[in-house]
Each structure stands twice: as C-alpha cells, then as structure tokens.
Amino acid sequence: MSNIIIEDGKFVELIYKVIDKKTNDVLSEVEFPLGYIQGISEILSPEVTASLVGQAQGDIVELPVDVDQIYGPRDESLVTTMPIDGLDEDLRKVGTMIPMENKKGERINFTVTRINENSVTVDGNNPLCGREVIFILEIITVREPTNEEARLGGPIDETPDIANTQSIH
C-alpha cells in the first residue's frame with residue numbers, strides 16, 4: 001500500500017457508491033475506477049473531492065452529503081407531464097434521459113419518471129435532489145501523475161477491456 005496522501009496535484013483513482021441514508025438503497029455506483037487529478041480535474045463535486053484530502057490508497061471514506069448544497073433544492077417546476085404521442089418510441093422508458101432546454105436556453109437533462117398509456121412524466125431535477133445521501137468512496141490509487149496526465153489535466157482515457165473481465169454475482 002502506498003503512503004502517499006491525496007493532495008492537490010496527485011493522481012487519484014477511486015470507486016464509489018451513493019447510498020440513500022433513509023432506505024440504505026444504492027442510488028448510484030461506479031464499477032470501474034474513476035481517475036482524476038486532485039484540485040485540477042473534477043469527476044465529483046468539489047465538496048466530495050475536498051473531503052478526500054489527506055486520505056491514502058486503500059482508505060474507505062463514508063461521507064454524508066447535503067445534496068441541496070451541490071445541486072440546489074428540488075424544483076417542482078422542473079417536473080412536467082406531456083402527451084406520450086409527442087415522444088419518440090425509443091424514449092418511452094422510465095430512466096431514459098431526454099435533453100431539453102429551459103426558458104433561458106440552457107440545456108437540462110430530464111429523466112423519464114413515469115409512463116402511462118396517454119402521458120409521460122419527466123423530471124429535470126438531479127435524481128439525488130431531495131434525498132439525504134452518503135457517498136462511500138474507496139481509494140484505489142494515489143500517485144504522482146504521469147507527464148501526459150499532468151499536461152492533459154486528468155487521466156488518459158482508456159476503454160476498459162470488458163471482454164477480459166469476469167462478472168461477479
């Protein structure tokens with residue numbers, strides 16, 4: 001195990017889960033390590049990565065997060081119902097992300113949350129809004145970035161070799 005700690009400029013790889021504090025349901029998780037350079041590239045909110053400073057490879061951090069601080073409070077005006085016939089067939093599935101524009105012309109991803117025979121309900125809030133969550137972060141690697149990673153401000157984009165991985169069930 002490395003004794004290098006996370007600080008600005010270090011290359012970090014981690015995996016994480018987001019757990020609903022009330023139900024203990026896993027709301028989100030990553031299967032492949034995410035890499036970034038601390039203080040330079042952002043893969044998670046600054047509030048989350050700031051809490052990792054001083055941690056080392058192998059550490060597991062449980063971090064309660066106030067989602068409203070990151071994404072703002074839930075906005076019910078971002079929930080709307082539309083006629084189902086106005087939506088392409090391939091978008092008619094709960095969980096589908098649909099890019100739309102708000103009144104200011106900003107792009108927002110809406111998530112299909114409900115479907116019936118006549119209508120589709122979509123929600124433009126971040127799926128974590130209005131929840132109390134805990135991030136469980138496992139630090140896989142802490143090291144100096146390579147010259148190329150430092151030059152690019154983050155990891156070199158490698159595609160995982162899915163053909164040579166085994167499923168764990």
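The values are calculated or read from the model by the stated rules, or taken from the named source; none is laboratory data. No experiment lies behind these values; they were computed from the predicted model shown. With ideal geometry, Cβ positions are generated from the backbone for all residues, glycine too; neighbour counts draw on all protein chains shown.
Here are some notes:
- Exclusive hit being in contact with a helix residue (DSSP H, G or I) (Cβ under 9 Å, 6 or more places away or on another chain) and within 14 Å of Val12 (Cβ to Cβ), set Glu117, Glu47, Glu42: Glu42
- Test result for Pro145, at pLDDT 90 or above and assigned to a loop (DSSP other than H, G, I, E, B): yes
- Within the range 7-51, the set of residues being under 18 Å from Val133 (Cβ atoms), hydrophobic (A, V, I, L, M, F, W, C), touching an Asp or Glu at 6+ places or on another chain (Cβ under 8 Å) and in a loop (DSSP other than H, G, I, E, B) is empty.
- Only listed residue being small (Gly, Ala, Ser), surrounded by 14 or more Cβ atoms within 10 Å (Cβ to Cβ) and at pLDDT below 90, chosen from Ser41, Ser51, Ser28: Ser41
- Any hit, the range 6-19, residues being within 16 Å of the chain's Cα centre (by Cα), more than 19 Å from Leu152 (Cα to Cα), surrounded by fewer than 15 Cβ atoms within 10 Å (Cβ to Cβ) and of a type in the set (D, E, K, R): no
- Residue match in the range 66-85 (condition: on the phi > 0 side of the Ramachandran plot and in contact with a strand residue (DSSP E or B) (Cβ under 9 Å, 6 or more places away or on another chain)): no
- Here the strands (runs of 3 or more DSSP E) wholly within the range 72-137 that include at least 1 residues being within 16 Å of the chain's Cα centre (by Cα) are 97-101, 107-115.
- Inter-residue pairs, beta-carbon under 8 Å, first more than 30 Å from Pro73 (Cα to Cα) and in the range 133-153, second at pLDDT below 90 and not β-branched (Val, Ile, Thr), 6+ apart: Thr141/Ser2; Val142/Ser2; Arg143/Ser2; Glu149/Pro155; Gly153/Ser41
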